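S.K.: Please read through the structure below; I'll follow up with questions.
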Amino acid sequence: MEIKARIGILGSGKGSNMFALAEACHQGVIRAEIAQVVSDVENAGILDRAKDFDIPATYLSPGAFRTKLDEDAELNYIRLFREAKVDWIVLAGFMRILKGDFLKAFPNRVINIHPSLLPSFPGLEAWKQALEYGVKYTGCTVHFVDQGIDTGAIILQETVPVMDDDTPQRLHARIQDAEHHLYPAAVGLAVEGRLEVRGRLCSKAAI
Ligand code: GAR
């Protein structure tokens, strides 16, 4: 029997990317199983959507800070993912910065999706930043997570047009449609060991 990679997902929001990943695992498009979902937001939609797939879903307090996990929280997050024996950590709308100890616990194994074409518009509400700047194309980026904010090696990107009459909501929805196939494609490559990373350059490995 094939031994499947085990994925842990971290998210703070409604969980549409987690849903797309769970579907892709379920259909065998990603050869992995989602072993654990964790949220820093007690009533986040991602927890309910995970339960719909019978995936263990847990709220873990983030501690005292607003933008990162405090020290105790970070240890709790690491412990839970280690207990779940995950090989990969996939961030799906996780709105806190992960610091050194977490990244050291899962070296080169933490992946994020960001709703812009990085390095443009890192940080919060990237679709709003794109709209306010007036770019005609934006998109989404899947990348490895490093110590910076949305700075790690880029795995895949997809462009999305910006329309003249876009609202932030409409633009974000169009970006999310792209995210829902880009993320499974990128996570699929990662769990099959088909990514080659050299410094900040990441390419598809020849097989
Ligand atoms: C996604 O659009 C993702 O790109 C974004 O949050 C949304 C989560 O939606 N992430 C970031 O902005 C990270 N800086 P979801 O909960 O429906 O997957």
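Throughout, read-outs are computed from the coordinates displayed, never taken from laboratory work. Model, not experiment: these values are computed from the prediction. Virtual Cβ from ideal backbone geometry, glycine too; neighbours counted across all protein chains shown.
S.K.: Of everything in the range 54-66, what is more than 18 Å from the chain's Cα centre (by Cα) and surrounded by 14 or more Cβ atoms within 10 Å (Cβ to Cβ)? Give them in sequence order. Even if it seems obvious, please write down each step before you answer.
M.R.: Taking the range 54-66 and keeping what is more than 18 Å from the chain's Cα centre (by Cα), we get 54, 61, 63-66.
Hit for the range 54-66 is 63, nothing else.
S.K.: Looking at residue 85, is it outside any loop (DSSP other than H, G, I, E, B), more than 16 Å from the ligand (Cβ to nearest atom), loosely packed, with under 14 Cβ neighbours inside 10 Å and over 17 Å from the mean Cα position of the chain (by Cα)? Spell out the reasoning first.
M.R.: Details: outside any loop (DSSP other than H, G, I, E, B): no; more than 16 Å from the ligand (Cβ to nearest atom): yes; loosely packed, with under 14 Cβ neighbours inside 10 Å: yes; over 17 Å from the mean Cα position of the chain (by Cα): yes.
No.
S.K.: Just give me the residues in the range 5-20 being within 17 Å of residue 140 (Cα to Cα), of a type in the set (A, V, I, L, M, F, W, C) and within 11 Å of the chain's Cα centre (by Cα), in sequence order.
M.R.: 18 - this is the single residue of the range 5-20 that is within 17 Å of residue 140 (Cα to Cα), of a type in the set (A, V, I, L, M, F, W, C) and within 11 Å of the chain's Cα centre (by Cα).
S.K.: May I pose another question? Looking at the range 132-155, is at least one residue assigned to a helix (DSSP H, G or I), in contact with a His (Cβ under 6 Å, 6 or more places away or on another chain) and closer than 25 Å to residue 18 by Cβ? Please lay out each step first, then the result.
M.R.: First, pick out the residues of the range 132-155 that are assigned to a helix (DSSP H, G or I): 132-133.
With the extra rule that they be in contact with a His (Cβ under 6 Å, 6 or more places away or on another chain), the set shrinks to none.
Looking for residues that are assigned to a helix (DSSP H, G or I), in contact with a His (Cβ under 6 Å, 6 or more places away or on another chain) and closer than 25 Å to residue 18 by Cβ, one finds none in the range 132-155, hence no.
S.K.: Does the range 104-125 hold any residues that are within 16 Å of the ligand (Cβ to nearest atom), outside any strand (DSSP E or B) and buried (at least 18 other Cβ atoms within 10 Å of the Cβ), and which are they?
M.R.: Pass one, the range 104-125, residues within 16 Å of the ligand (Cβ to nearest atom): 110-125.
Applying the additional criterion that residues be outside any strand (DSSP E or B) yields 115-125.
Within the range 104-125, 115, 116, 117, 118, 121 meet the criteria.
S.K.: Could I ask something else about it? State which residue is farthest from residue 119 (Cα to Cα) when the search covers only the range 152-172 and only residues that are in contact with a helix residue (DSSP H, G or I) (Cβ under 9 Å, 6 or more places away or on another chain) and either near the ligand (Cβ under 10 Å from one of its atoms) or β-branched (Val, Ile, Thr) (or both).
M.R.: Among residues in the range 152-172 that are in contact with a helix residue (DSSP H, G or I) (Cβ under 9 Å, 6 or more places away or on another chain) and either near the ligand (Cβ under 10 Å from one of its atoms) or β-branched (Val, Ile, Thr) (or both), the one farthest from residue 119 (Cα to Cα) is 167.
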